[in-house]
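The values are calculated or read from the model by the stated rules, or taken from the named source; none is laboratory data. Just so it is clear, the structure is predicted and the values come from calculations on it, not from any experiment. Positions of Cβ are generated from backbone atoms using ideal geometry, with glycine treated the same way; all protein chains shown enter the neighbour counts. For the accessible areas, the whole protein counts, side chains as well, though only heavy atoms, and no ligand, DNA or RNA atoms are used. Shrake-Rupley method; radii C 1.70, N 1.55, O 1.52, S 1.80 Å.
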Amino acid sequence: MEQASTKPAVSARLRNYGLQMWKARFIYLLALPGIVYLAIFQYGPMYGVLMAFQNFRPRDGIMGSQWVGLANFQRFFDHPHFWRLISNTVILNVYQLLFVFPLPIIFALLLNELRGKRFKKTVQTVSYLPNFISMPAIIGMMIMFVSPTDGFVNRIIVSLGGEAVHFMARPEWFRPLFIISEIWTTLGWAAIIYIAALAGVNPELYESAVIDGASRLKMMRHISIPSIAPTIIILFLLNVGTIMSLGHEKALLMQNSLNLETGEIISTFVFRRGLESLDYSFATAVQFFNSIINIAILTIANTISRRVSETSLW
């Protein structure tokens, strides 16, 4: 009797789901290209992670290569540069969270205080233009700016009585240059989402605060920031979830034989071992280990956020 009563309930629930999907069919149709893209280019290649547990040979293919278990992971743990790679990656990402992440929030809050619409739009447009410059061009410009012979930075240093500094050859300058260039290229673009969130704040809240005699600083502190706090938390969690996956393009362009001590990170190490040394299995194992650490950090950060602020990714 219970099975007989359960079947109609399940059928009714499926019909209800089908009806809801049919009503929202155009929304699903709009989402279809994104779903197909994710399926083909994100989830489809995931079977390649099997190479991390193999001695992969292209002629044998993934299913025909010899299985070696955790040997590739052990090779990475025993690598002489293991801790240097971990520390360089973590330090650079922590610097990004400390310096790059908060600045777009501050910039959006300050931009929100401007009253001249034309000036406000001009500042916003100028701020996000560097985002559209290609990364090789950005690094090329930076190298020109800090050149020890004709870069304007060293010209200023020399004019003030100092000696020219070969910034790109000094390991201690790799991280500051990386962070400064990141701020320059992402400040305005990253602020767009915060500006949009601030635009959705109820104007009556500001009007009530003015009547109560609140200053602009107090309105920013007690109205603007709390209103965009959920957006800030979500984006912070997304950044924390990629703390070990710093993109290799920029770091690779900035690297040279003199600054690898602080410039070599996991993503560039994977690139060199996988594409230059053709050690596919080892590179896959390193990247897989990297992804596991990211998932663990994201899960911990999301759990803390959910308990503290009731805002989380899931």
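What percent do you get for the relative contact order of segment 80-309 when only Cα pairs under 8 Å and 6+ apart count? Intermediate results must be reported in sequence, preceding the final value.
On the way: 221 pairs, mean separation 62.5, N = 230.
Reported as a whole number, the value is 27 percent.
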For Rg and Dmax of the Cα atoms in Å, calculated from these coordinates, the label among (i) 25.6, 78; (ii) 25.5, 94; (iii) 21.2, 67: (ii)
For K250, go through the aspartates and glutamates and keep the ones whose alpha-carbon is under 13 Å away, minus same-chain ones fewer than eight residues off. E182, E264
Taking the Cα centre of segment 2-67 as the origin and placing charges on Cβ (Lys, Arg +1; Asp, Glu -1), which of Y43, N55, V10 is farthest toward the positive end of the dipole? V10
What is the spin-label model distance, in nm, from M141 to N202 if the labels are put 7 Å beyond Cα along the C-beta direction? 4.3 nm
For the chain, which whole percent of the accessible surface, found with a 1.4 angstrom probe, sits on carbon and sulfur atoms? 67 percent
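Using a simple charge model, +1 on the beta-carbon of Lys and Arg, -1 on the beta-carbon of Asp and Glu, nothing else, what dipole does segment 122-213 show about its Cα centre, in debye to the nearest 20?
On the way: 3 positive and 7 negative charges, 89 e Å.
Using Cβ point charges on Lys, Arg, Asp and Glu, segment 122-213 gives about 420 debye.
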Of the options V90, L30, T149, report the single residue whose Cα projects farthest towards the positive end of the charge dipole of the chain (beta-carbon charges: Lys, Arg +1; Asp, Glu -1). L30
Using a 1.4 Å probe, what is the accessible area per residue for segment 2-67, in Å²? 86 Å²
At what distance in angstrom do the alpha carbon centres of segment 166-194 and segment 210-266 lie from each other? 12 Å
Suppose we flag trypsin sites (Lys or Arg not before Pro) only when DSSP calls them loop and at most 14 other Cβ atoms lie within 10 Å. Which is the longest uninterrupted stretch of the chain? 116-314
Could you tell me how far the Cα centroid of segment 90-133 sits from the Cα centroid of segment 22-89, in Å? 34 Å
To the nearest 10 square angstrom, how much accessible area does T262 have with a 1.4 angstrom probe? 20 Å²
Spacing of the two label points (7 Å from each Cα toward its C-beta) at V94 and A209, in nm: 3.4 nm
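Given Cβ point charges of +1 (Lys, Arg) and -1 (Asp, Glu) and nothing else, what value in debye, to the nearest 20, does the dipole of the chain about its Cα centre take? Don't jump to the answer; show the numbers that get you there.
Values: 25 positive and 17 negative charges, 191 e Å.
Computed about the Cα centre, the dipole is about 920 debye.
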Using 14 Å as the cut-off for backbone N distance, which residues of segment 244-280 belong to the label zone defined by a point 7 Å from the Cα of A71 along Cα→Cβ? 280
GluC sites (Glu not before Pro) within segment 121-208: which are DSSP loop residues with at most 14 other Cβ atoms inside 10 Å? E163
With unit charges on the beta carbon (Lys/Arg positive, Asp/Glu negative), name the residue among P130, A229, F76 whose Cα is farthest towards the positive pole of the charge dipole of the chain. A229
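Report, in order of residue number, the helices in the chain meeting two criteria: a C-alpha extent of 30 Å or more along the helix axis, and a mean Kyte-Doolittle hydropathy of at least 0.5; treat each whole DSSP H run as one helix.
Working: long enough: 2-23 (32 Å, -0.83); 174-199 (37 Å, 1.45); 280-309 (42 Å, 0.84).
Answer set is 174-199, 280-309.
With a 1.4 Å probe and every protein chain left in place, work out the accessible area per residue of segment 80-309 in Å², rounded to a whole number.
In whole numbers, segment 80-309 has 55 Å² accessible per residue.
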